[in-house]
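Chemist: What follows is a single structure, and I will ask about it in a moment.
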Amino acid sequence: MSDAVPDSSMNTFVELSSVLTGYAREVLAPPFDSIDLKSLYYQTAQQAQGAVFDQILSTFAQIMSATPPDQWPQEVQEKILSDATLGPAARQILKLWFVGIWYDPPDQINQGHIVSMQAYIGGLVWDTIQAHPMGDSQFAFGYWGSDPPPPGPFPRFEKGGGA
Amino acid sequence: MTSHAKRLFGLALSLLAVSGAWAGRSAMAALQAPQPAPAAAPEPAAPPAGQTTKLSPDIPYDVVLTGSTLEAAQRDFDQFAWEMFVALNWTVDASGKVDPQKVIGSAPSGDNPTVWETWKEAGGIIRAGGKPPTPWGAPPEIPPVCRFAGGPSKVIAQAGKVPLPLLVQSEQAFKMGPLIDQNGVYARYEIVVDQPMFDYIVANQLYSRAGQQSFKGQVEFPFSDLATKTLGSIMVKAAWKILGAGDDPSRFHVSEALVYTPASENPPVQESCAKEKLGLVGLHIVARTKSAPQWIWTTFEQVDNAPDYPVQNAASHYNFYAPGSGAPINTVAPQPWDPAKKGPPTQVARLSALTAATQTINSQYQALLAAVNPRSVWQYYELINTQWPASPNDPRNPLGRPTPPFLANTTMETYIQGALVDGKVELVPQGTSSCMNCHNNATLTTAAPSGFSYLLSQAQ
C-alpha cells in the first residue's frame, strides 16, 4: 500500500500526524511496520477529503520548509487547525489516529466507521490511557495483578523534537 | 512540554472526549525433475549482501540484521529460519551426536536421523502425578501396549492439538480438530525441547504443580546469545502423517515410530499401538534469543501438503487436499473423533500464500540441498514464514509487535488460517493464527505467565 504514496508525501503526512497527535513519528511509522496504518490512514483521508487533504499537506510542507521543528505545532495551530476548511479536516485525521474511526462529516461524533480491524487495535488512545482494546491485549495473561508500565509519554515532546 | 504543546495535547484529548504461489512451486518442479548429477541442480540466486546461504550444522545464536527496512529484516529472519532448519535436521550418529561431516541429506537414501529428534519429548517432561522428568538422554517411556519385541523407541502419542481428552497433550487453544490425510488417517504430533530449556524446567521444578506453586519470580527461559555464543531455549513441534497409499516416501523425512492411541470413555476408544512409518509434514521451530525475548517463531511444511487458496491449476496429489472433491476447505471433521479409525479426509488449502521473498530463499536452500544429493528428502520442505518481535524491548508493548501479524502452518493451524468471507480471505486479529499472540496467553497452572510455553500448563 505504501508503494502508492510518494515518499515525500508520506513523510509530510507522518510529520503532520506527529504534530497533531503528540506522538513521535517512530511510533506512528516504526521502521519495521508490517501493519502500516500510516498508508491506510493516508489513503482514507485522501479519498475522503480530496483537494482539502492535498491542501493540508501542501500547507504543512511549507511549514516544514520554512520553520524549525519546534515551531511546527504553533504554525499548525495558526495555519491549519484555525482554518475554517482545513481545521475540521485535520481533526478528522487526528481522531483517526487516536480511535481508528473516520468521522464524516468531520465534527459529527455519531457518524463514522472503524476503518479496519488493525485500526481499532492500533488506536493511540489505548496507549494514552495505558490500556488495551477489548478482545486484544499486548500484555501477558494476568497483567492486571502487576503494576502498569510507566505512564505513557508522548515521545515527540519528550525528545524535544516538537514544541 | 511547552504550554503550546500542552494546548495541542489538550485539544487532542478534548476531541477524543467528544467524539491483513506458486512461483516457488515452479522451482520445486524443476527440482523434482530427474537430475543426472549434483552439478545439474538449479543455480541458486545470490544471497543478499551480508548473508551467506550455506548448509551448516551450527545452530544460529541469533538473527543478524543486514538492513534497516522491513523487507530486509524479514529476509534476515527467514535466513535464520533456514539455518535453524538445516542445523536441527543435520545428521546425528547412533549415539545422537552431530556428525559435521555427514551433510544433511547426504546419505544414499537422502534421509538421516536428526538433531531435534534426540531432544526431550513433552511426555518425558510433564509426567503423571508430577513426577520429575526422566533424565536428559533417557529413552522415552513406552506404554505397555506398545512394547513390541524389537520395536522402535520413538513414541508418538498426540493425535491433534486440541484440548480434548482424546487428543492428548494438547496445548493449543482456539478452534482445533484433528487433521486427516487423504487415506483417512489422522495426522500425529510431537513436541520436543532442547537441553537448555529442559534444564531450566528441571532446575526450577516447573514440571509439577507443586513446583510451580513454590516458584517465585517470572518464567525466563534461557536465551541464545550471539555475543557469548551461548545456545538457549528452542522448542520444536512436529506434524507427521502415517505413510500409506499414494505417498512417495522419497519425498519425506521418515521416522519409524510407535503410534499410540490412548483409551477414551467418551467417545469409546480402545487403547492401541502400532508400528508405523511416519512422514514429516510440518515443523515449527521456536527459538528464544537475546534480541527476541518473545521468541522467534518459524514454520516449515512438506511441499505436497495443500494448494493455495483460491485453488487454481491443482497438482494431481496432495497430502491433505483432493482435487475435484468439492469438499469444503479447512473444515473440522464431525465428531466423534477416533484416531484409531479412518475418518473423512480434511480438505486443506493455504489461505496466505508464501511471499515472493520467502519463495526465493526457499528456492536457494532447496537447490543447495538437492546439490548435496539429488535424492535428498530435505529439498521437499519449504519455509512458510517467520514471525518475530519488531519492538522487543518496549515496556508499553511487552508482546513486541508480532511481525508479520499472522502465521499459520496448514498442518498445525489448519482451521485458524483466516476467515473466508464471501470467498475472500480475512485475517482477523485474535481469530487468525498468530504464534506470538496466542502463546502470550500461556500460563503455569498457577495462572502466572509461563514464558510463551503452553507445555507447563499441563503439569500435574
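The values are calculated or read from the model by the stated rules, or taken from the named source; none is laboratory data. Remember, predicted model here, so these are calculated numbers, not experimental data. Here the Cβ positions follow ideal geometry from the backbone for every residue, glycine too, while neighbour counts run over all protein chains shown.
Chemist: Check residue B:145 against each of (1) touching an Asp or Glu at 6+ places or on another chain (Cβ under 8 Å); (2) surrounded by fewer than 17 Cβ atoms within 10 Å (Cβ to Cβ); (3) at pLDDT 95 or above and name the one condition it does not meet.
Modeler: So the condition that residue B:145 fails would be (3).
Chemist: Filter region B:277-290 down to residues that are more than 15 Å from the chain's Cα centre (by Cα) and assigned to a strand (DSSP E or B) and give me whichever is farthest from residue B:436 (Cα to Cα).
Modeler: Within region B:277-290, the match that is farthest from residue B:436 (Cα to Cα) is B:277.
Chemist: In region B:300-319, which residues are outside any loop (DSSP other than H, G, I, E, B) and of a type in the set (S, T, N, Q)?
Modeler: Of everything in region B:300-319, just one residue is outside any loop (DSSP other than H, G, I, E, B) and of a type in the set (S, T, N, Q), namely B:302.
Chemist: Now a separate question. Of the residues A:43, A:92, A:49, A:55, which single one is within 13 Å of another protein chain (Cβ to nearest Cβ) and of a type outside the set (Lys, Arg)?
Modeler: A:92
Chemist: Now a separate question. Could we say that residue A:101 is β-branched (Val, Ile, Thr), touching a Gly at 6+ places or on another chain (Cβ under 8 Å) and more than 30 Å from residue B:73 (Cα to Cα) here?
Modeler: yes
Chemist: Among the residues of region B:97-118, are any exposed (fewer than 14 other Cβ atoms within 10 Å of the Cβ) and closer than 19 Å to residue B:191 by Cα?
Modeler: No, region B:97-118 contains no residue that is exposed (fewer than 14 other Cβ atoms within 10 Å of the Cβ) and closer than 19 Å to residue B:191 by Cα.
To keep it simple, each residue is scored yes or no on (1) surrounded by fewer than 20 Cβ atoms within 10 Å (Cβ to Cβ); (2) among the hydroxyl-bearing types (Ser, Thr, Tyr); (3) within 15 Å of the chain's Cα centre (by Cα); (4) in a helix (DSSP H, G or I).
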| site | (1), (2), (3), (4) |
| --- | --- |
| A:10 | yes, no, yes, yes |
| A:18 | no, yes, yes, yes |
| A:32 | yes, no, no, no |
| A:38 | no, no, yes, yes |
| A:64 | yes, no, no, yes |
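Chemist: Restricting to region B:445-460, name every residue that is surrounded by fewer than 19 Cβ atoms within 10 Å (Cβ to Cβ), in a loop (DSSP other than H, G, I, E, B) and either touching a strand residue (DSSP E or B) at 6+ places or on another chain (Cβ under 7 Å) or within 12 Å of chain A (Cβ to nearest Cβ) (or both).
Modeler: B:446, B:447
Chemist: Just name the residue that is modelled with the lowest pLDDT out of those in region B:148-184 that are of a type in the set (Val, Ile, Thr) and either out of contact with any Ser or Thr (no Cβ under 6 Å at 6 or more places or on another chain) or more than 17 Å from residue B:414 (Cβ to Cβ) (or both).
Modeler: B:168
Chemist: Still on this model: Just checking, how many residues over region B:419-444 are within 12 Å of another protein chain (Cβ to nearest Cβ) and either in a loop (DSSP other than H, G, I, E, B) or in contact with a strand residue (DSSP E or B) (Cβ under 9 Å, 6 or more places away or on another chain) (or both)?
Modeler: 17
Chemist: Another question about this same structure. Is it the case, given these coordinates, that residue B:357 is surrounded by fewer than 18 Cβ atoms within 10 Å (Cβ to Cβ), more than 9 Å from every other protein chain (Cβ to nearest Cβ), part of a helix (DSSP H, G or I) and touching a helix residue (DSSP H, G or I) at 6+ places or on another chain (Cβ under 7 Å)?
Modeler: Yes; evaluated as a whole, the condition is true for this residue.
Chemist: I'd like to verify a number: residues in region B:252-271 that are crowded, with 18+ Cβ neighbours inside 10 Å and outside any strand (DSSP E or B), how many?
Modeler: 3
Chemist: Could you tell me whether region B:370-391 includes any residue that is modelled with pLDDT of 95 or more, within 13 Å of chain A (Cβ to nearest Cβ) and touching a Lys or Arg at 6+ places or on another chain (Cβ under 9 Å)?
Modeler: Yes, region B:370-391 has at least one match.
Chemist: Please pick out the residue among B:274, B:322, B:245, B:227 that is in a strand (DSSP E or B), more than 20 Å from the chain's Cα centre (by Cα) and surrounded by fewer than 19 Cβ atoms within 10 Å (Cβ to Cβ).
Modeler: B:274
Chemist: Still on this structure, please answer the following. Within region A:120-145, work out how many residues are of a type in the set (Ser, Thr, Tyr) and more than 10 Å from chain B (Cβ to nearest Cβ).
Modeler: 0
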